[in-house]
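Encoded as structure tokens, the structure appears first; notes follow it.
Just so it is clear, none of the values below were taken in a lab; they were calculated from the coordinates. Note that the structure is a prediction, hence the values are computed from the model and not measured. FYI the Cβ positions are ideal-geometry reconstructions off the backbone, even for glycines, and counts take in every protein chain you see.
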Amino acid sequence: MRYAETGYNLEIDLTLGNIERVETDPRDTELYLGGLGTNAKIMWERVPPETEPFSPDNLLIVSAGLLCGTPATGCNRTIVTTISPQTRLLAFSMMGGFFAPELKYAGYDKVILRGKSSSLVYIYIHNDQVEIRDAAHLKGKGAVETAGLIKKELKEPNAQVAAIGLAGENRVFFASIEQGRSSASRGGIGAVMGDKGVKAIVVRGTKDINVARPAEFMELCNEVMKYIQFRNENPIPNVMPILAGLGSPQEMMVHDEKWHTENFMWGNSRVRRKDFWNDEIAANWMKTLESARTRLISCYNCPMKCGATISLPGLPAYMMKCFSKLTYTMGAFSDLEFGLRIAQRATEYGVDGFSTPQVMAFALELYQEGILTDQDMPGLPEGNEERFYWLLDKIVRREGIGNILANGTYWAAQEIGKGADKFAHNNIKKHEQLPLKLSMLNPIYFLMYCTGEKINITQIEGQFPQAPFLTREEREEFVKDWFQVPDDHFKQIFLDWEPRGEKSMPFYPTVQMCCDIVDWQERMHYIDDALGMCAGLSSFPLKPPYHIHNYPKFISAGAGIDMDEEKLAQAARRYRTLVRAINIGRGMRRKDDRPPENHWKKRFPELEKELLDTYYKFKGWNADGIPTLVSLHELGLDYVGEEFLKRGIYSDSPDEASADAMANKVQKSMKGDVS
Amino acid sequence: MTGERKTKKVKTIKINVDKCNGCRACEVICSAFHAAPKYSSNNPARSRIRVIRDPLADIYVPIYAGDHAVAECAGRDKYTIDGKEYDECSFCRASCPSRSEFKEPDSGLPLKCDMCEGEEEPLCVKWCMVDALTYEEREEEVEEGADREELEIGLEALAAKYGVKTLQNTLARLSKKA
Ligand code: SF4
Ligand code: SF4
Ligand code: SF4
């Protein structure tokens, strides 16, 4: 029997209309866990670097995590993996909500889509019965609206629906997949779904998910719940409120937005408004949120209520979470009422809440600068807020200038020319980032911005405080019950970390310490993405209920895989390296591992070089960021090394000369293994 | 006919729909607890509590499985509360042919909440960390006679429907069987 996982994937060829239920290899689960891990393995095997994002050969993998569907609190993530049209690299976006557990109960770990349907369809999965159904009548419908219509026509109120809106249908490079309470937004995966002609994936499941050692597993679950309760009652002092508790940042609950509005940038990630927040605005925004918010809502099997139902007069209700609350507001220099209203339309269209407002603000900046003119934007309204609605409509329909903007700021700037690239200034690897501009380089964040291949700072940070605490006493208090650290030297680093003086940034934490900290933080995210755990209960907040010490037990008792901390760390390293390998195959190199040029005012080129050099080595990558043959071998990824050699991947590298020698060495040691 | 006074334990789960966040943790734990062996599997479709949800309409109704109904109701109720219109059967606890809730998914056999027999407190309550479900136990004095009265009312109704004679015959036959 398979535990925690179902042991089956659903393979759907949209070109042929073929549906297959395929048993998976349990050895892959041991090596790559599930979710992102096994997705990466499939992408490596089946989507070679030549495959274009909009090729029928690109796969769209919608996967539940390994522990989704078990009673582990907050384990509900769906991990969607494909080649992004925007970055042309591997995209892996996660969504919470209710989809992944339902997929498990239907009897599948993943839905793997390949090919392209000639007409718009939706996929209906009800346990063993799987159909590709006509979706002509849903063309152009909103993502939320579509979910409602499908549930009605199937008479399945309990089905979970992941749908695209107009943006996905029109292959907007930052189109999302919407799933009611949640969405998989980053990297334009909704565009790939639209390209495949799939309007929605609908799932209803009523089968069992087994756990290997029930009593042990429940004991672990109960401990986690107790700790969540404890953390809810004991927020962490000395950090700002949104970092004090568990869950995704509680944006739907909080009213005080002084910190975000005065520290994050407005417009095209340009303007800081240091004295923005005042009593009048506070009162106004509070009124807006209070009257719009019907209820705080959770994802499957989680008490944290990070989302909300938003219902504004004259508009259909929708659900919102996290920071999209403010992205439109701040992109347009407007107020919360506007932000919540336009987000309703954006959610129906199915677009990413980070990229979209920035793309629109970017267009208006270009217009102000005269780079885009009235000729480029005929019919552009006078009013500022109307302009944002106008642009949004143009983008999702790919009409006029919208057709260019729909590719995101990087590609739009290339196409527009005339120096527009200066305005696409907030990207990493062609992908729009949080609107944040700071002064002093933070070495930990430098490494994370450079090398986080989810290309999103929130998807690599967490665990280690963002800034030093003011006094030693406060730090001592903090480390007292900090048992989540992999080992005690992290406590020492934090204890010694001062806001000023010798042991302060950018030279403390030292380069080596930064490597350790970043590696730990990243590892936790990668583990979450394989298990299907919400980062909000694990890798994102300080002192979370899930950590490197109890995860191996969860996997052992849940999935019946013999696991310990080292083995788990090794597995995470393995598929993390595979993700990098896929991107390396697609041309990503050291030159791409860098933050937006203006992210920090005070930069330290020598230190930055040393940071990257050391971190690469630490990770087992060569000076160009390519995993070395030796490290690939250690991870059991010789098949990657062989492919790299065949493709001459190492030949442009600075340490190219050693590649052949290394290959020899590896071959020898491989022989050694056999004998 | 005066009954003796006795006490009985009344177990109540209080449901505050305003506090429900729709997480379905209650369904998770109920289905796990009733798996055989205990906790060995999980499947909310087997749960004896079901959250009737319609998030966009802001409808969240945790419902406990009650008795099995052989036939569906001919007349049904549709409630509107605070401007929210609830579907037919939303508040009904019956495992009934008209809906899929409260039936074993494979066999179709009816499910019924047993208040987690053997546990200190109902597990759905324990797992509902936002207190939408709370548990209350109280002793209540009951008159034995009260039950009898109910029986009498019931018998009267049956007699009216089928005639006293038929009722007598049926009772006689039933007591022979017993
Ligand atoms: S912590 Fe928040 S985002 Fe995460 S699973 Fe719970 S409700 Fe969802
Ligand atoms: S556990 Fe509580 S909050 Fe969650 S669905 Fe059940 S009743 Fe609602
Ligand atoms: S009381 Fe126990 S049996 Fe009844 S619904 Fe709750 S968990 Fe299930």
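Assorted remarks:
- Note on the stretch B:33-42: among residues that are within 7 Å of another protein chain (Cβ to nearest Cβ) and surrounded by fewer than 24 Cβ atoms within 10 Å (Cβ to Cβ), the one that is nearest to ligand 2 (Cβ to nearest atom) is B:Y39.
- Number of residues in the stretch A:582-596 that are out of contact with any helix residue (DSSP H, G or I) (no Cβ under 9 Å at 6 or more places or on another chain) and small (G, A, S) equals 1.
- In this entry, A:E415 passes the filter for residues that are under 30 Å from A:Q368 (Cα atoms) and out of contact with any His (no Cβ under 9 Å at 6 or more places or on another chain).
- Cβ pairs under 7 Å, 6+ apart, first in the stretch A:486-498 and surrounded by 15 or more Cβ atoms within 10 Å (Cβ to Cβ), second among the polar types (S, T, N, Q): A:E498/A:S504
- Answer from B:E139, B:E104, B:E117 - the residue that is more than 13 Å from chain A (Cβ to nearest Cβ) and more than 9 Å from ligand 3 (Cβ to nearest atom): B:E139
- Residues considered: A:A559, A:A569. Of these, the only one that is among the aliphatic types (A, V, I, L, M), within 16 Å of A:C75 (Cβ to Cβ) and more than 16 Å from ligand 3 (Cβ to nearest atom) is A:A559.
- Boolean, A:E262 is away from chain B (no Cβ under 14 Å) and part of a helix (DSSP H, G or I): yes
- Members of the stretch A:189-229 that are of a type in the set (A, V, I, L, M, F, W, C) and outside any helix (DSSP H, G or I): A:V198, A:A200, A:I201, A:V202, A:V203, A:I209, A:V211, A:A212
- In the stretch A:297-353, the residues that are in a strand (DSSP E or B) and within 13 Å of another protein chain (Cβ to nearest Cβ): A:I297, A:G307, A:A308, A:T309, A:I310, A:Y318, A:M319, A:M320, A:K321
- Residue in the stretch A:282-293 that is over 16 Å from A:T347 (Cβ atoms), touching a strand residue (DSSP E or B) at 6+ places or on another chain (Cβ under 7 Å), within 14 Å of another protein chain (Cβ to nearest Cβ) and within 16 Å of ligand 1 (Cβ to nearest atom) present: no
- Neighbours by Cβ (under 7 Å, 6+ apart or cross-chain): first from the stretch A:229-257, more than 12 Å from chain B (Cβ to nearest Cβ); second acidic (D, E) and in a helix (DSSP H, G or I): A:N238/A:E474
- Hits in the stretch B:14-32 - residues which are facing chain A (nearest Cβ under 9 Å) and either more than 16 Å from ligand 1 (Cβ to nearest atom) or in contact with a helix residue (DSSP H, G or I) (Cβ under 7 Å, 6 or more places away or on another chain) (or both): B:D18, B:G22, B:R24, B:A25, B:E27, B:V28, B:I29, B:S31, B:A32
- Scope the stretch B:43-64; condition facing another protein chain (nearest Cβ under 8 Å), part of a loop (DSSP other than H, G, I, E, B) and either surrounded by 24 or more Cβ atoms within 10 Å (Cβ to Cβ) or within 14 Å of ligand 3 (Cβ to nearest atom) (or both); matching residues: B:N43
- Residue match in the stretch B:65-83 (condition: more than 16 Å from ligand 1 (Cβ to nearest atom), buried (at least 16 other Cβ atoms within 10 Å of the Cβ) and within 14 Å of another protein chain (Cβ to nearest Cβ)): no
- Count of residues meeting criterion [within 26 Å of A:V161 (Cβ to Cβ) and either in contact with a Lys or Arg (Cβ under 9 Å, 6 or more places away or on another chain) or surrounded by 24 or more Cβ atoms within 10 Å (Cβ to Cβ) (or both)] in the stretch A:174-226: 35
- On inspection, A:K325 passes the criterion of being crowded, with 21+ Cβ neighbours inside 10 Å, closer than 19 Å to A:N284 by Cβ and either within 16 Å of ligand 1 (Cβ to nearest atom) or not basic (K, R) (or both).
- Given (1) hydrophobic (A, V, I, L, M, F, W, C); (2) surrounded by fewer than 19 Cβ atoms within 10 Å (Cβ to Cβ); (3) away from ligand 2 (no atom under 16 Å from the Cβ); (4) in contact (Cβ under 8 Å) with a residue 12 or more places away in the chain, index of the condition A:A283 fails: (4)
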